[in-house]
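Notes for the one structure printed next.
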């Protein structure tokens, strides 16, 4: 099942389907310049191999004029390399062309430059004519001034998603957070999740220093309710309750805190695509110091490989 970041990117593009066609046109799709109707259609199609489960594209957006479909874009949101896309993308495009009797193109969005490179160079290496269009980072620049962020919240959020590891990430995240708390759109929670998932803990701490005290408090409250923290806290509390019944309330409370931190740590690593091996699980479980566990949680937000988890920064 797609993760929260994938789902929130999809929600953003579903809410602003005109952006999908605009990015596709900029990437090279020969779409009409204007449509009197731009809308989504179902991305669920029968599997040609005859399995009972249909296949589903992330998003299919159609441009129409006077009721007639003029072109369609099949958008795929890729956070990693999926070899199955070598056939599903062809199926999606063919299915849309058959259904609508109009030109259709594949378009890929990914915040990972290596995934974009793989899509453009490796996925159809021997069949370059099948290569989909991609939304490049240059097409969604990081927004670094508050006025521009306020004028276009979705572009500001997507700019952070695309450039979360770039030097301007602190400024981009800061003005995007300021804009979000100024306007408070209906999708505030989804947008906050995308911003927080796209930048490191260090960048987030620097960005939040630009927020007002009230906005920073609200962000902190949202963080306490969100994702890995909530799941880890719930698991830790349950473990703490069990332990408390066996060995006493105080000891159970401390063990619950340790289990909560261990669960948060595992969830953060999983969310960042860093798998845990058995040796690392054992080391984490053996760690009894709350301070050491807190330090590991902070470090997990910034590392890129598992072997960096227990390396103390100089």
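Odds and ends about this structure:
- In region 1-33, residue modelled with the highest pLDDT [restricted to those that are over 22 Å from residue 97 (Cβ atoms) and assigned to a loop (DSSP other than H, G, I, E, B)]: 16
- Here 80, 58 are screened, and the one residue that is modelled with pLDDT under 95 and closer than 20 Å to residue 3 by Cβ is 80.
- When 137, 132, 113 are checked against the criterion of being touching a strand residue (DSSP E or B) at 6+ places or on another chain (Cβ under 7 Å), in contact (Cβ under 8 Å) with a residue 24 or more places away in the chain and within 16 Å of residue 27 (Cβ to Cβ), 132 stands alone in meeting it.
Yes/no matrix, rows are residues, columns are (1) within 16 Å of residue 302 (Cα to Cα); (2) part of a helix (DSSP H, G or I); (3) modelled with pLDDT under 95:
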| residue | (1), (2), (3) |
| --- | --- |
| 162 | no, yes, no |
| 166 | yes, no, yes |
| 170 | yes, yes, yes |
| 175 | no, yes, yes |
| 186 | no, no, yes |
| 193 | no, yes, yes |
| 202 | yes, yes, yes |
| 211 | no, no, yes |
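- Taken over region 3-42, the criterion of being under 16 Å from the mean Cα position of the chain (by Cα) and either on the phi > 0 side of the Ramachandran plot or without any contact (Cβ under 8 Å) to a residue 12 or more places away in the chain (or both) is satisfied by 7 alone.
- Residue 107 satisfies every condition listed in (1) free of Cβ contacts under 8 Å to residues at least 60 places away in the same chain; (2) touching a strand residue (DSSP E or B) at 6+ places or on another chain (Cβ under 7 Å) except (1).
- Summed over region 275-314, residues that are assigned to a helix (DSSP H, G or I) and in contact (Cβ under 8 Å) with a residue 40 or more places away in the chain total 1.
- Residues that are touching a helix residue (DSSP H, G or I) at 6+ places or on another chain (Cβ under 8 Å) and surrounded by fewer than 15 Cβ atoms within 10 Å (Cβ to Cβ), drawn from region 138-165: 139, 145
The values are calculated or read from the model by the stated rules, or taken from the named source; none is laboratory data. As the structure is a prediction and not an experimental result, all values here were calculated from the model. Quick reminder, even Gly has a Cβ in these numbers, built from the backbone with ideal geometry, and neighbours come from all protein chains shown.
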